Each structure stands twice: as structure tokens, then as C-alpha cells.
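First comes the structure, then the notes that go with it.
No lab work stands behind these numbers, since they all come straight from the coordinates. All figures in this text were calculated on a predicted structure; none of them were measured in a lab. Don't worry about glycine lacking a Cβ; one is built from the backbone with ideal geometry, like all the others, and counts go over all protein chains shown.
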Amino acid sequence: MFPEYIVLHTAAFTGRDCDRDMIDQWHKARNWSGIGYHFVILNDKHSQKADGSIENGRPTNKAGAHALGLNSRSLGICCIGHGDKFDFTPAQYESLFSLIRRLMTEFSIPADKVIGHRELNDLVKQNIISSRYRTSKSCPGDKIEMNYIREQLAHITASPEHETLAVSAESRLAMTNAIAVLQQHRAQFPNAQDELDEFIHHPEIISMTR
């Protein structure tokens with residue numbers, strides 16, 4: 001998959017301890033293969049995990065199941081909480097901006113293609129996707145201002161202090177070789193295959209081995 005967009009969502013859930021695993025269960029209950037988002041960002045209502053924690057969902061090289069009409073062309077990020085009732089926490093915003101900036105750099109996605117789920121309707125108006133994919137959802141929520149998010153991303157991307165540090169050719173080669181060894185011997189770790197895939201497909205690892 002070669003993503004052109006990043007789509008932001010809310011879990012639309014006000015309860016406690018919502019995380020990647022809970023959403024994975026919800027989506028499997030719909031007979032999906034598993035969680036449809038590529039990333040989940042936790043809020044301050046988890047009893048064991050920190051506010052702003054980022055959890056991996058589907059690998060970024062696999063199409064998600066989060067935005068009908070755009071799944072094969074986008075990465076999905078879900079922020080825990082209910083965006084119609086509460087804004088994201090400061091920690092969620094900090095993690096969100098950091099994550100999106102990395103994805104924008106890795107996949108060459110401009111800030112104007114970071115959209116909220118509800119903004120699929122704008123793509124319908126522009127004839128980018130079919131009208132059958134119009135949504136009635138307010139996701140990521142009435143409290144979430146997407147123009148503000150895009151403005152912050154554009155500012156962050158343009159700031160010299162946020163430029164991506166160069167990785168030496170030697171470091172890239174060493175990491176590539178290390179991953180090749182892990183892949184070669186992955187059968188020896190039957191209980192860690194999902195974690196290995198999450199590591200290998202993490203944005204920072206992918207950007208370092210390109």
C-alpha cells in the first residue's frame with residue numbers, strides 16, 4: 001500500500017481502559033480480521049497505560065478498515081475518547097503531532113491530506129471518491145478542529161528544530177542486516193511473531209532502513 005492520506009478518528013467511547021486490544025475485539029466482533037486502524041493513541045482514562053501512549057494496529061503496509069472509499073489509500077489513526085464530547089488530551093495531541101509528522105515524512109504526505117473521517121465528504125465533493133462513500137459521522141468529533149491540526153502540522157514541518165536527523169549509511173546497513181537475521185530465524189520465535197512484525201513495520205524502523 002502507498003498511502004496518500006492520513007485519516008483521524010475517535011473511538012467514540014467514554015468508558016475506561018479503552019485501548020488497541022479493546023478495539024481489536026470490537027472489530028473482530030464485526031467479523032473483520034482484526035483492528036482496522038493502523039495506530040491508536042490512548043487518553044487519560046486507562047488504569048495501566050499512560051495518557052498519550054501510541055499503540056500499533058495494522059502494519060502500515062496493509063490496507064486498513066477505517067474509512068470506506070479510502071482504505072487502500074490511507075493510514076488510520078484512532079484517538080481514544082469521544083470527540084463529540086471532549087477534546088483530545090494535551091498528551092494525545094503531543095503524541096498525535098509526533099506520529100503524524102513521522103508518517104508525513106516517511107510517506108511524503110502533505111499536511112492538507114491529513115483529514116478527519118468526516119472530511120471524506122469533502123473528497124466526495126471533489127470527485128476524489130464516489131458519493132456512495134459519503135458519511136454522516138462527525139468523527140473525529142465536533143470538539144476536534146481539523147484546520148487547527150493541519151495548521152500545527154504545517155508549522156511543525158516547516159520548523160528547522162523538527163527536521164529529521166540523518167541516519168548514517170553504516171547504521172542503515174546494520175539495521176537492515178539485523179532485521180534480515182530476525183526474519184531468517186522468525187520460526188524460532190512462534191510466540192513473538194506479531195511483536196516482531198509490529199517492530200519491523202514501525203515507521204521509525206522503516207524510515208531507518210530505507
Peptide ranges 47-53, 102-108 listed from the most packed, as the mean C-beta count within 10 angstrom indicates: 102-108, 47-53
How high is the relative contact order of segment 37-89, given as a whole-number percent (alpha carbon pairs under 8 Å, six or more residues apart)? 41
Based on Cα coordinates alone, diagonalise the gyration tensor for segment 1-90, multiply each eigenvalue by 5, take square roots, and list the semi-axes in whole Å, largest first. 22, 14, 12
For the chain, the longest principal axis of the Cα atoms and the Cα long axis of helix 169-184 enclose an angle in degrees, to the nearest 10, of 90
Calculated [θ] (222 nm, deg cm²/dmol) that DSSP helices of n ≥ 4 give over the chain, each run adding -39,500 (n - 2.57): -11500 deg cm²/dmol
Can you pick out the pairs among LYS85/LYS125; LYS49/LYS125; LYS62/LYS125; LYS113/LYS137 whose Cα atoms lie more than 29 Å from each other? LYS49/LYS125
Which listed residue (LEU120, ILE100, HIS82) has the Cα farthest towards the positive end of the charge dipole for segment 5-162, taking +1 on Lys and Arg C-beta and -1 on Asp and Glu C-beta about the Cα centre? LEU120
Normalised by the number of residues in segment 5-162, what is the relative contact order in percent for Cα pairs under 8 Å and 6+ residues apart? 27
What is the dipole size for the chain, taken about its Cα centre, with +1 at each Lys and Arg Cβ and -1 at each Asp and Glu Cβ, in debye to the nearest 20? 800
Net charge within 12 Å of VAL124 by Cβ-Cβ distance, Lys/Arg positive one each and Asp/Glu negative one each, not counting VAL124 itself? +2
Sorted on mean Cβ neighbours within 10 Å (highest first), peptides 120-133, 33-46, 87-100, 185-198 come out as 33-46, 87-100, 120-133, 185-198
On the formula 1/(1 + (r/R0)^6), with r taken between the Cβ atoms of MET175 and ASP44 and R0 of 41 Å, the FRET efficiency rounded to 0.05 is 0.75
For ASP17, what is the net charge nearby, where nearby means another residue's Cβ is under 9 Å from its Cβ and Lys, Arg count +1, Asp, Glu -1? +2
